[in-house]
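Student: Sharing a structure with you now.
The values are calculated or read from the model by the stated rules, or taken from the named source; none is laboratory data. The structure presented is a predicted model; accordingly, all values stated were derived computationally and were not measured. As a convention, Cβ positions derive from the backbone with ideal geometry for all residues, glycine included, and neighbour counts pool all protein chains shown. Heavy atoms of the whole protein, side chains included, go into the accessibility calculation; ligands, DNA and RNA do not. Shrake-Rupley method; radii C 1.70, N 1.55, O 1.52, S 1.80 Å.
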There are 2 protein chains.
Amino acid sequence: MKKIPLVHQGGPVVVLVRPQLAENMGMVARAMMNCGLSQLRLVNPREDWKGKKAISASSGAATVLENAVIFNSLEEALADIQMVFATTARERDMTKPFMGPIVATQKTESALKHKEKVAWIFGPERTGLENSDLALSDALVQIPLNPAHSSLNLSQAVLIMGYHWWTRDFKDKETLVMGAGRPATKKELSVFLGRLDESLMQAGYYAMPEKQERMRRNLHNIFERNRLTNAELKTLYNVLAALDKKK
Amino acid sequence: MKKIPLVHQGGPVVVLVRPQLAENMGMVARAMMNCGLSQLRLVNPREDWKGKKAISASSGAATVLENAVIFNSLEEALADIQMVFATTARERDMTKPFMGPIVATQKTESALKHKEKVAWIFGPERTGLENSDLALSDALVQIPLNPAHSSLNLSQAVLIMGYHWWTRDFKDKETLVMGAGRPATKKELSVFLGRLDESLMQAGYYAMPEKQERMRRNLHNIFERNRLTNAELKTLYNVLAALDKKK
């Protein structure tokens, strides 16, 4: 996972247009911080974005709220911005480039690399952005969701866009996390399996010679594919010893 | 965007382990519905998952809450499940396969295709899953976020996992959404540009013959790359007519 400073000035500016609830502004700040975004602008917020409610909902991201810049109109909020993406939950009757969050993130990154200032704008909770807001944007972005139930909370819309931003270079992969110890070597494992076979031999498990090879292979296979650690092998030795003693 | 029925039985089961707040359970239901998930199981929920608070927070996803199945232990909740992914905000001292949401989603889809039952489990708000919960899982999943501020609200963790599920086949692309009209043809555009040049010629804009070709090219280029619609061309004809009249 890539490390970034707590508050950095990179990334797009998040603009909330006429946000209503303090709690939502707080949760937006939290979502931004989750995703390494820090520049917040508010156009005519209805409730107090620095009050107790907002701070508490921000859950540690109060600096984003404290550094938020307030504007009286979207036009003023975008005055120094060179590329604007407007999020919308539905298609609009307006001739604009239209895309999902992946393409929008790629275009944002590319513009930022060319030292352009980029803004992502989000509408009020109930209604979303108005057509006059959209008119100021370069492109419309729609988050792909279940069309039967696509309404997102404001902070969740910011979170998903921010998440695309944060993970834009993320390459997912599977690893085996080690608790105590390290993966056992195949030699360590085969010594253990030999010890296991010995106990089983004495216990009469391998009584039928014609089946012995297949039984051994099936049993060994359970352990071979299990990626045991050296610490886990020790546990299994102790288990064997306990069982042997019981007999 | 793919269409699915409002409530379908596909997808992983979402298991909330000892969730605390009714509001969060409601928001989880909403996030699940956003992402086409419908099977919710609750292990020892502290507050009422069908009360007013939860229903109101679910914002239209009450059916998910009404159909939630309640258990007294995680073990019982997972009794019929064949593959379990546990979400965790931090690395744990436990030997388990560890991955991000993309790989987890691929594995989930692949298991579901083989008719296995898959569960995604999420811990309580304050503490996350305990080690005894993780012990029941096949793999750990970590959502990649700003390590300086990675704590997610419960419903946001479900939303991001669900979003990966919903968008697993999503191919993002840019299109031009048309409001009124259709893209103008190059012929329609060149007729308009001819009309524009005529007005400009009369107005003395192209007065210097040696610069005329370059001036024309620069001006035409603004319109050529703009993907104008036939309706927008009509608007521009009217603008020209108005300016001509003014003279």
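Student: How far apart are the A:Glu198 label points across copies, placing each 7 Å from Cα toward Cβ, in nm, shortest first?
Tutor: Those label-point separations list as 10.3 nm.
Student: Next question, about the same structure. Take every residue in peptide A:156-166, count the Cβ atoms of other chains within 10 Å of its Cβ, and give the average of those counts. Walk me through the numbers on the way to the answer.
Tutor: Values: counts 10, 0, 0, 7, 6, 0, 2, 10, 2, 0, 4.
The mean count of partner-chain Cβ atoms within 10 Å per residue comes to 4.
Student: Long-range amide H contacts for B:Lys96: which residues qualify at under 5 Å (H placed 1.01 Å from N, peptide plane, sequence gap of 5 or more or a different chain)?
Tutor: The list, which skips near neighbours in sequence, is A:Val177, A:Gly179.
Student: Quick one: which residues, 5+ away or cross-chain, put their amide H under 5 Å from the amide H of A:Thr229? H built at 1.01 Å from N.
Tutor: The answer is A:Ala184.
Student: Please find the FRET efficiency linking B:Lys211 to A:Lys113, where r is the Cβ-Cβ separation and R0 is fixed at 30 Å, and quote it to the nearest 0.05. Write down the numbers at each step before the final one.
Tutor: Values: r = 35 Å, r/R0 = 1.15.
After rounding to 0.05, the efficiency reads 0.30.
Student: Oh, and also: Copy-to-copy spacing for B:Ala231, label 7 Å out on the Cα-to-C-beta vector, in nm, shortest first?
Tutor: 6.6
Student: Given the DSSP H assignment, sum -39500 (n - 2.57) over each helix run of at least 4 residues in chain B and divide by its residue total; what's the result at 222 nm in deg cm²/dmol, nearest 500? Could the numbers behind the result be given before it?
Tutor: Details: 10 runs with 109 residues, N = 247.
So the helix-based figure for chain B works out to -13500 deg cm²/dmol.
Student: For A:Ile70, what residues show an amide H to amide H distance below 5 Å, using hydrogens built from the backbone and excluding near sequence neighbours?
Tutor: For A:Ile70, whose amide H was placed from the backbone, the distant partners under 5 Å are A:Leu42.
Student: State, to one decimal in nm and shortest first, how far the label point of B:Pro209 sits from each corresponding label point in the other identical copies (label point: 7 angstrom along Cα-to-Cβ).
Tutor: 11.2
Student: Less than 18 Å apart at the alpha-carbon level, and either on another chain or at least 8 residues along: which aspartates and glutamates does that give for B:Lys115?
Tutor: B:Asp80, B:Asp138
Student: In peptide A:136-145, what is the residue-averaged number of other protein chain Cβ atoms found within 10 Å of each Cβ?
Tutor: Partner-chain Cβ atoms within 10 Å, mean over residues of A:136-145: 3.
Student: Right, next: Taking Cα atoms, how many degrees apart are the long axis of helix A:101-113 and the longest axis of chain A, rounded to 10 and kept between 0 and 90?
Tutor: Approximately 70 degrees, to the nearest 10.
Student: Next up: If you fit an axis through the alpha-carbon atoms of helix B:230-246 and take the longest principal axis of the Cα set of chain B, what angle between them do you get, 0 to 90°, nearest 10?
Tutor: Helix B:230-246 and the main axis of chain B meet at about 40 degrees.
Student: Still on this model: From the P(r) of segment A:52-142, could you give the percentage of C-alpha pairs in the tail past 23 Å?
Tutor: On the way: 1362 of 4095 pairs.
Summing the P(r) tail past 23 Å for segment A:52-142 gives 33 percent.
Student: Here's something else I'd like to know. Identify all lysines with a Cα-Cα distance to B:Lys246 below 25 Å; exclude those on the same chain that are fewer than 8 residues away in sequence.
Tutor: B:Lys234
Student: Right, something else. Using θ = phi - 60° and the Karplus form 6.51 cos²θ - 1.76 cosθ + 1.60, what ³J(HN,Hα) does each residue of segment A:153-158 get, whole Hz, x for Gly and Pro?
Tutor: Computed from phi, the couplings for segment A:153-158 are 4, 3, 5, 6, 5, 4 Hz.
Student: How are the C-alpha pair distances of segment A:113-219 spread across 5 Å bins, as whole percents from the shortest bin up?
Tutor: Over segment A:113-219, the share of Cα pairs per 5 Å bin runs 2, 7, 11, 12, 9, 7, 5, 4, 4, 5, 6, 7, 7, 5, 5, 2, 1 percent.
Student: Using θ = phi - 60° and the Karplus curve 6.51 cos²θ - 1.76 cosθ + 1.60, what whole-Hz ³J(HN,Hα) does each residue of segment A:211-218 get, with Gly and Pro shown as x?
Tutor: Once θ is set to phi - 60°, the couplings for segment A:211-218 become 9, 4, 5, 5, 4, 5, 5, 4 Hz.
Student: Could you give the spread of the C-alpha atoms of the protein assembly as shown along their three principal axes, from largest to smallest, in whole angstroms?
Tutor: That works out to 111, 51, 43 Å along the principal axes.
Student: Taking only the Cα atoms of segment B:186-246, how large is their convex hull per residue, in Å³? It would help to have the intermediate numbers written out before the result.
Tutor: Working: hull volume 4.5 nm³, N = 61.
Per residue, the Cα convex hull of segment B:186-246 comes to 74 Å³.
Student: Pop a pseudo-label 7 angstrom from the Cα along the beta-carbon direction at both B:Leu176 and A:Tyr237 and give the gap in nm to one decimal.
Tutor: 7.3
Student: Residues with beta-carbon under 15 Å from that of A:Lys113, excluding A:Lys113: net charge, scoring Lys, Arg +1 and Asp, Glu -1?
Tutor: On the way: positive: A:Lys107, A:Lys115, A:Lys117, A:Arg168; negative: A:Glu109, A:Glu116, A:Asp169.
Charge balance near A:Lys113 sits at +1.
Student: By average Cβ neighbour count within 10 Å, what is the ranking of A:155-167, A:172-184, B:51-63, B:143-155 from highest down? Display every interim value, and only then the final one.
Tutor: Details: A:155-167: 25.0, A:172-184: 14.2, B:51-63: 17.9, B:143-155: 20.2.
For the peptides A:155-167, A:172-184, B:51-63, B:143-155, the packing ranking is A:155-167, B:143-155, B:51-63, A:172-184.
Student: Per 0.36 nm of contour for each residue apart, how much would the distance between A:Glu198 and A:Ala89 grow if the chain were fully extended, relative to their Cα-Cα spacing? Could you put the intermediate results ahead of the total?
Tutor: On the way: separation 109, 0.36 × 109 = 39.24 nm, distance 6.64 nm.
So the chain would gain 32.6 nm between A:Glu198 and A:Ala89.
Student: What spacing in nm lies between the two simple spin-label points modelled at B:Asn221 and B:Glu76, each 7 Å away from Cα in the Cβ direction?
Tutor: Placing both labels 7 Å beyond Cα along the Cβ direction yields 7.3 nm.
Student: Moving to a separate point now. Nearest-5 percent of antiparallel DSSP beta bridges in the protein assembly as shown? If you can, show how the numbers build up before the last one.
Tutor: Details: 8 of 48 bridges.
Taking every DSSP beta bridge within the protein assembly as shown, about 15 percent pair in antiparallel fashion.
Student: Okay, moving on. Could you pull out every one of the lysines with an alpha carbon less than 22 Å from that of A:Lys117, ignoring same-chain neighbours closer than 8 positions?
Tutor: Once the sequence-local lysines are set aside, what remains near A:Lys117 is A:Lys96, A:Lys107.
Student: Under the definition of partner shielding as Cβ atoms of other protein chains within 10 Å of a residue Cβ, what is the mean value for peptide B:178-190?
Tutor: On the way: counts 5, 6, 3, 1, 1, 1, 0, 0, 0, 0, 0, 0, 0.
Averaged over the peptide's residues, the number is 1.
Student: Per residue, what volume in Å³ does the Cα convex hull of chain A take up? Kindly include the intermediate steps, with their values, before the conclusion.
Tutor: Working: hull volume 54.0 nm³, N = 247.
Taking only Cα atoms, chain A has a hull volume of 219 Å³ per residue.
Student: Sort A:Tyr205, B:Tyr206 by heavy-atom solvent-accessible area, probe 1.4 angstrom, most to least. Please list the in-between numbers first.
Tutor: Numbers: A:Tyr205 100, B:Tyr206 15 Å².
If we order A:Tyr205, B:Tyr206 from most to least accessible, we get A:Tyr205, B:Tyr206.
Student: Around B:Pro183, what is the net charge, scoring Lys/Arg as +1 and Asp/Glu as -1 over all other residues with Cβ under 15 Å from its Cβ?
Tutor: Numbers: positive: A:Lys96, B:Arg182, B:Lys186, B:Lys187, B:Arg225, B:Arg227, B:Lys234; negative: B:Glu174, B:Glu188, B:Glu224, B:Glu232.
Summing Lys and Arg as +1 and Asp and Glu as -1 gives +3.
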